[in-house]
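What follows is a single structure, written as structure tokens, with notes after it.
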Amino acid sequence: MSQGRTFSVFTDLPAYSAAVAELPVSTALAENARGAVAVVPGTGDWWQGMLAARAGGAAAVVLADPAVLPRGAVESERWPGDIPVIVERPRIRPDLVAAAVAARRGSPARIISVECAAPAAGLGALICDGFGWMRSLAGGAVALQSSIATVHSRIALLDAGDSQCGTVPATLSATAIGGLHAGGLLQVLALGEVRTEVTVDQPAGFARVETVTEEGTLRAPERYESPARLALRRAIDACLADELAIDLAELLQDMALTRALLNA
């Protein structure tokens with residue numbers, strides 16, 4: 001897998017080839033998955049792609065921008081859990097999530113609202129990441145209480161947070177829109193003594209996190225590192241620490257909520 005501190009990376013995705021070129025000291029491209037960090041595209045049946053990478057001897061897996069899979073595609077087999085899985089979710093970057101949570105300084109959210117808008121083909125992935133932001137800002141699991149659907153939209157009422165410390169009400173609305181651009185718009189609002197506003201606009205190419213307190217408004221620094229480069233660095237860190245990341249478990253939780261809302 002490595003010579004000194006250089007890790008092999010097996011990928012066919014241009015974004016990850018570019019990320020390897022940006023990390024010349026710690027990474028190098030590999031011809032197969034054996035002993036390497038294997039990048040699995042999030043399109044199609046990526047679950048089988050991850051299993052194939054593990055069977056091919058991968059030391060770690062990076063799952064790139066996964067789509068929401070049908071229930072049977074994932075739950076038919078459990079992930080063995082013997083190698084790290086890092087999930088690249090460009091609309092919910094872990095560095096931005098950490099900045100948003102840290103800026104609240106432990107102040108709990110009292111209510112959380114999420115709004116999503118995207119072309120129909122990509123709406124499921126946007127909803128999934130919206131649930132991820134909701135879970136992160138609430139500091140605990142999310143439970144669907146009720147929902148209503150129209151032809152082009154969904155609205156859900158949820159409870160979010162740790163049941164021991166108390167849950168908070170949360171809402172999510174999602175609208176399918178037209179347009180030729182991939183991606184969509186995700187807006188998150190966590191209200192309380194501290195106000196957190198998150199805006200992720202993929203067509204415009206920006207993500208913004210603002211925190212409003214009695215001292216004023218704090219905007220998280222803009223992230224210039226690509227999601228692919230960040231995911232590779234996290235995969236390398238997981239290998240060096242010999243730790244299993246929680247990315248996949250969190251993704252599956254968010255996907256289960258997404259399927260429940262879309263199928264309502």
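No lab work stands behind these numbers, since they all come straight from the coordinates. As the structure is a computational prediction, the values presented were derived from the model and not from experiment. Because the Cβ atoms are built from the backbone with ideal geometry, glycine has one as well, and the counts that use them run over all protein chains shown.
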Mind checking which of 241, 231, 36 has the largest fluctuation in a GNM of the chain, springs on alpha carbons under 10 Å? 241
For segment 148-199 and segment 9-79, write down the distance between their C-alpha centroids in whole Å. 29 Å
In percent, what relative contact order does segment 94-222 have, based on Cα pairs under 8 Å that are 6 or more apart in sequence? 28 percent
Run lengths n ≥ 4 of DSSP H only: what is the helix-derived mean residue ellipticity at 222 nm for the chain, with -39500 (n - 2.57) per run over all residues, to the nearest 500? -10000 deg cm²/dmol
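Using a Förster distance of 41 Å, how high is the FRET efficiency between residue 105 and residue 157, based on the Cβ-Cβ distance and rounded to 0.05?
Approximately 0.90, to the nearest 0.05.
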Under a GNM of the chain (C-alpha, springs under 10 Å), which listed residue has the highest mean-square fluctuation: 124, 44, 179? 179
What nm distance separates the two modelled labels at residue 219 and residue 141, each placed 7 Å from Cα along Cα→Cβ? 3.8 nm
Quick check on packing: order 139-150, 183-194, 13-24, 83-94 by the mean number of other C-beta atoms within 10 Å, highest mean leading. 83-94, 183-194, 13-24, 139-150
Specify the angular offset, from 0 to 90 degrees and rounded to the nearest 10, of the alpha carbon long axis of helix 46-55 from the longest principal axis of the alpha carbons in the chain. 30 degrees
Helix 94-103 vs. the chain, principal-axis angle (Cα, 0 to 90°, nearest 10): 40 degrees
Hey, can you rank 206-215, 26-35, 252-261 by average C-beta count inside 10 Å, highest first? 252-261, 26-35, 206-215
Compute, for the chain, the length of the dipole vector about the Cα centre, with Cβ point charges of +1 (Lys, Arg) and -1 (Asp, Glu) only. Units Debye, rounded to 20. 140 debye
Can you give me the relative contact order of the chain as a percent, contacts being Cα pairs under 8 Å and 6 or more apart? 20 percent
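Kirkwood Rh, the chain, all Cα pairs: how many Å?
19.2 Å
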